[in-house]
Protein chains: 4
Amino acid sequence: MFLFALPDHAKPLVAPVGCPFVMHYCMRRLLNAVNKKIIRSYQSSAMALSRFEYVKQFEHEDKLLSNCWIVVRIDGKGFHRFCNVHKFDKPNDPDALQLMNMAGMTVMQEFNEIAVAFGQSDEYSFVFRRDASIYQRRRDKLVSYVASLFTSAYMFHWDRIFHSRSLVIRYPPSFDARAVLYPTDDNLRDYLSWRQADVHVNNLYNTTFWNLVASVQHQLQQRTDYVPKGNHSVTEDRQCVREK
Amino acid sequence: MFLFALPDHAKPLVAPVGCPFVMHYCMRRLLNAVNKKIIRSYQSSAMALSRFEYVKQFEHEDKLLSNCWIVVRIDGKGFHRFCNVHKFDKPNDPDALQLMNMAGMTVMQEFNEIAVAFGQSDEYSFVFRRDASIYQRRRDKLVSYVASLFTSAYMFHWDRIFHSRSLVIRYPPSFDARAVLYPTDDNLRDYLSWRQADVHVNNLYNTTFWNLVASVQHQLQQRTDYVPKGNHSVTEDRQCVREK
Amino acid sequence: MFLFALPDHAKPLVAPVGCPFVMHYCMRRLLNAVNKKIIRSYQSSAMALSRFEYVKQFEHEDKLLSNCWIVVRIDGKGFHRFCNVHKFDKPNDPDALQLMNMAGMTVMQEFNEIAVAFGQSDEYSFVFRRDASIYQRRRDKLVSYVASLFTSAYMFHWDRIFHSRSLVIRYPPSFDARAVLYPTDDNLRDYLSWRQADVHVNNLYNTTFWNLVASVQHQLQQRTDYVPKGNHSVTEDRQCVREK
Amino acid sequence: MFLFALPDHAKPLVAPVGCPFVMHYCMRRLLNAVNKKIIRSYQSSAMALSRFEYVKQFEHEDKLLSNCWIVVRIDGKGFHRFCNVHKFDKPNDPDALQLMNMAGMTVMQEFNEIAVAFGQSDEYSFVFRRDASIYQRRRDKLVSYVASLFTSAYMFHWDRIFHSRSLVIRYPPSFDARAVLYPTDDNLRDYLSWRQADVHVNNLYNTTFWNLVASVQHQLQQRTDYVPKGNHSVTEDRQCVREK
């Protein structure tokens, strides 16, 4: 399979010993020669492939309508459990929120066509400009790549954020994503208002609720020296409310 | 905002000191009472939200045609660079491939409607059964979640795999994903044949190429004691071929 | 299968002879009784149907994005031939254009959510308002119904328009249709400008061309008293140009 | 705007007077010369158009998945009223059904990729072969064209069918259409079974119902010599049942 013997052919080409430039030149020339042969065989293999290649026609490219704002919203999968397993502070764990923000920033740095991003709880909305042309606005590509990069950045920055708490990630978290189109600026503003009102209501409720829980636990503790071992029932209650 | 004073009201309810069951019962009752009030205010807040909630109607659920095989194929973004930065062995790094397989297994464990999966290089195809009903076959959800979970598992298992080589991940990797429908079993078989033929040709080429590179480097080394410091040009050549 | 005997039961109910109201009442009561039985058997038949009814789930409803202008443009199929066969005047036959307008008006009368319509040659654009909710903005329904109604009205008014010329329709004409979404008012205005510029250029060309043809024919006629029997070659030329 | 003077240039070309072939040749040459100039100006006009032509990018081509059966089902709009206005016989008017069949045949003659068609009542299903490539399987085109051609043929053959009854069409009928994909032969067979079971049940019901109506009317007539002038209530009843 080795198509040429280096010692014989290479000699005249080899420059003064140790000269990296000439050697690179030599290697490149030789390899180019090999490449051409391989490319040819590759191409004839490709011919052989063509019997199956028709399956590519089943791929449809759903492109997002031009001149609309594209919102890609990622959302944590089962983060209720994830928060409990990793003992995030309730209602808001500053480190965990900071980690979300770092992941969001990574996505914004990657896509310079994102105009604004907005995060709350375990979700993050990325607003791509009307004229964004990323991946020719292909839905699958955009949605999956944002979800993947966000996830990746979330795990990448974990150690830095939770180092002081010696918090080790116990299982791989994940996020889904969806793309939504908004034709007018008003629609987009209302979308952001919708998310902001949502976070406001949730925060109001959660802050009240968890302060109440803390207060009850504190009082019970003082009276009985009893420390409840789990907050299972509390969690259930909260879940009930949130899932209404 | 605290809706009741525990000491006064709670007393008659508190069971014999230290009894965890009764305390839980008590706490739950109190919290339920609070919850109901909060839910009511929450719902009236929800009323207030409704002015913006119309934006949800812009979300379209593209559902994948029933009774077709669904192939979700994930594909590494810029893995050429990722492999170089992390000095993966060429042409095949057993550890890196093993990591891909572990990520693939995590996805298969999560979705029990995956019939078969097939990985090669930096891509992985997951074949969902014809009758898969996951997320009601919603395209965005499926595509983004598979991409995210694969990415997450890839990073989660990194340390275990590369521990012995003390290989630290330098930047967050990512994968895109697409969903393709195949109506018949023959179409699906041809899809798998297509990917298999692809991996075969690529492997043949890469194995030959990198052995050749190693052989040239070895000979040059013997003659000149020169060790080329980079394989920049070689990489370029290979890239040329692969991108044809 | 006849479930009741009318003479016996009906007698007491029958009102004074000839009273239509009472008879109707009687008939309705009897038939209602029958209906109930039939409905029951119908429903159990429906049960029998259910084995096949799953095929309905394969119907996907593609809904057009909210708050966008919807343009449904219909376009004549093979109208070049249709014009020739029916000997429409070139470049513009006032009657044929009038017929297009009458068909367009029928569509506008049917859909009160059409804001503006614009016709030229063998095409017609109907602009549905941003907030149009017709058929819940289902693409298939909208596109097919507009095409069908336009076609129907075109044929319905044919006789009235072409009566004086005793022009009989020789074969069924048809139109295709497509729906296009425009997110902003500017985009819509540019769409209309695009069609207007198109009709302007085409008219300029066609008017010049057919005047030239007429002039040549006139001159040849004067010199030779020869009247060419067909304009086959001319038609071909024009076709060449239009199909560029 | 007239670009050349015929008498001067044309003379040497004109063949013996009255020879149609040469004259055609002459005219074509002259017109070609003109055409070229016009095409050039046309193209520069097209340049002028280009400012608006970007609006074409808003057109999305939704293509129907390869290797699936395509069922295009057309369905009469408001045919309940249409049947009443034109006094079609209940439950089945042979002429009206024959007209539907003639329209269906016209569609089948136009599209040679239709494998089978099935009509009942005011609907018709056209089954395109798995490998149909008509309009590159573009959804909008296919759906709108089938609806339009069916409508057109329905009106075209009206006079022939209803000539003997001197039945004049009172207003333009219309049909909507939808396209549904079936991945397997079993799914397609079940689709046809579904429609067949539907027609069977409907026919059974309608035949019974209208015979009953006729029988009641007959008996009332015999007894009272009264002929009810309308069947309004009856129609309502039937509608109730059908719309369940």
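The values are calculated or read from the model by the stated rules, or taken from the named source; none is laboratory data. Just so it is clear, the structure is predicted and the values come from calculations on it, not from any experiment. Heads up, the Cβs are rebuilt from the backbone with ideal geometry, glycines too, and the neighbour counts pull from every protein chain shown. Just so you know, the surface numbers come from the protein's heavy atoms only, side chains and all, with ligands and any DNA or RNA stripped out. Shrake-Rupley method; radii C 1.70, N 1.55, O 1.52, S 1.80 Å.
A few points about this structure:
Okay, residues lined up against (1) within 14 Å of chain D (Cβ to nearest Cβ); (2) acidic (Asp, Glu); (3) in contact with a helix residue (DSSP H, G or I) (Cβ under 9 Å, 6 or more places away or on another chain):
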position	(1), (2), (3)
B:179	yes, no, yes
B:183	yes, no, yes
B:188	yes, no, yes
B:194	no, no, yes
B:197	no, no, yes
B:206	no, no, yes
B:209	no, no, yes
B:212	no, no, yes
B:221	no, no, no
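- Looking across the stretch D:77-119, the residues that are polar (S, T, N, Q) and closer than 23 Å to residue D:200 by Cβ come down to D:92, D:98, D:101.
- Each residue in the stretch C:48-68 was checked for being open to solvent by 60 Å² or more (accessible area, probe 1.4 Å) and of a type in the set (S, T, N, Q), and 2 pass.
- Selected residue [assigned to a strand (DSSP E or B) and of a type in the set (S, T, N, Q)] from B:125, B:144, B:152, B:148: B:125
- Residue check for residue B:222: assigned to a helix (DSSP H, G or I), under 30 Å from residue B:129 (Cα atoms) and open to solvent by 80 Å² or more (accessible area, probe 1.4 Å): no
- When residue A:212 is tested against (1) at pLDDT below 95; (2) surrounded by fewer than 20 Cβ atoms within 10 Å (Cβ to Cβ), only condition (2) is not met.
- Of all the numbered requirements in (1) among the hydroxyl-bearing types (Ser, Thr, Tyr); (2) within 14 Å of chain A (Cβ to nearest Cβ); (3) without any contact (Cβ under 8 Å) to a residue 40 or more places away in the chain, residue C:145 misses one, and that requirement is (2).
- Residue D:137 vs. criteria within 14 Å of chain B (Cβ to nearest Cβ) and crowded, with 16+ Cβ neighbours inside 10 Å: yes
- The single condition from (1) under 30 Å from residue A:131 (Cβ atoms); (2) out of contact with any strand residue (DSSP E or B) (no Cβ under 6 Å at 6 or more places or on another chain) that residue A:73 fails is (2).
- Taken over the stretch B:64-81, the criterion of being under 21 Å from residue B:108 (Cα atoms) and among the charged types (D, E, K, R) is satisfied by B:73, B:75.
- The one condition from (1) over 18 Å from the mean Cα position of the chain (by Cα); (2) surrounded by fewer than 17 Cβ atoms within 10 Å (Cβ to Cβ) that residue B:159 does not meet is (1).
- Across the stretch D:110-122, the qualifying residues are those that are open to solvent by less than 20 Å² (accessible area, probe 1.4 Å) and assigned to a strand (DSSP E or B), and the one among them that is nearest to residue D:158 (Cα to Cα) is D:120.
- The stretch C:193-209, subset in contact (Cβ under 8 Å) with a residue 60 or more places away in the chain and open to solvent by 50 Å² or more (accessible area, probe 1.4 Å), residue farthest from residue C:118 (Cα to Cα): C:207
- Condition check for residue B:82: surrounded by fewer than 21 Cβ atoms within 10 Å (Cβ to Cβ) and farther than 24 Å from residue A:171 by Cβ: no
- Looking across C:71, C:107, one residue alone is part of a helix (DSSP H, G or I), crowded, with 20+ Cβ neighbours inside 10 Å and either at pLDDT below 95 or within 13 Å of chain D (Cβ to nearest Cβ) (or both). It is C:107.
Listed here are the residues, each with its yes/no results for (1) among the aliphatic types (A, V, I, L, M); (2) modelled with pLDDT under 95; (3) crowded, with 19+ Cβ neighbours inside 10 Å.
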site: D:93; (1), (2), (3): no, yes, no
site: D:102; (1), (2), (3): yes, no, no
site: D:125; (1), (2), (3): no, no, yes
site: D:131; (1), (2), (3): no, no, no
site: D:141; (1), (2), (3): no, no, yes
site: D:149; (1), (2), (3): yes, no, yes
site: D:155; (1), (2), (3): yes, no, yes
